[in-house]
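Please treat every number below as a calculation from the coordinates, not as lab data. The shown structure was predicted, so the numbers you read here are calculated from the model rather than taken from an experiment. We place every Cβ from the backbone using ideal geometry, glycine too, and count neighbours over all the protein chains shown.
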Amino acid sequence: MPSDRDARPRDAGEATRFLAENPDILAVQLLLTDPSGVARGKIVRRHELEPVYAQGRYLPGSILSLDITGADVEETGLVWDDGDADRRCFPVPGTLVRAPWHAEPTAQALLTMHELDGAPAPADPRHALARVIERFAPL
């Protein structure tokens, strides 16, 4: 199974099993945490979930350039320098859960972002944390 930092497709079986166990779910919120810790992303309908696991979902890379107010930080190079390019996001394994506080039956899953070549997006907080953990591993 791919790790969080891997741009390979995820096990669509996780989505298939979840949807079978939760037949009332109508929508899934796909959440990517920006550098300030604010959850941003997309809402997809249930029939779109398995393709997200298998192929990923493109989101604007500029999500990772936002400040705490939601304004683009142009100096990051993620806004106009690359044309606000989309990058591919994949669900983090094990994060697909019901969100019972919504009126409409809804689920949520966390995402990680990757560059178009498959490398982890350096500004993604999950990848930044993974790099720190890797540096401490030898200690």
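Quick check: anything in region 115-123 touching a residue at least 24 places away in the same chain (Cβ under 8 Å), in contact with a Pro (Cβ under 9 Å, 6 or more places away or on another chain) and of a type outside the set (Val, Ile, Thr)? Steps first, answer last, please.
Here is the first cut: in region 115-123, the residues touching a residue at least 24 places away in the same chain (Cβ under 8 Å) are 115-116, 118-121, 123.
Those left that are additionally in contact with a Pro (Cβ under 9 Å, 6 or more places away or on another chain): 115, 123.
Then keep just the ones that are of a type outside the set (Val, Ile, Thr); that gives 115, 123.
Yes, the conditions are met somewhere in region 115-123.
So which residues in region 99-117 are more than 14 Å from the chain's Cα centre (by Cα) and either part of a loop (DSSP other than H, G, I, E, B) or surrounded by fewer than 16 Cβ atoms within 10 Å (Cβ to Cβ) (or both)?
ALA99, PRO100, TRP101, HIS102, ALA103, GLU104, PRO105, LEU116, ASP117
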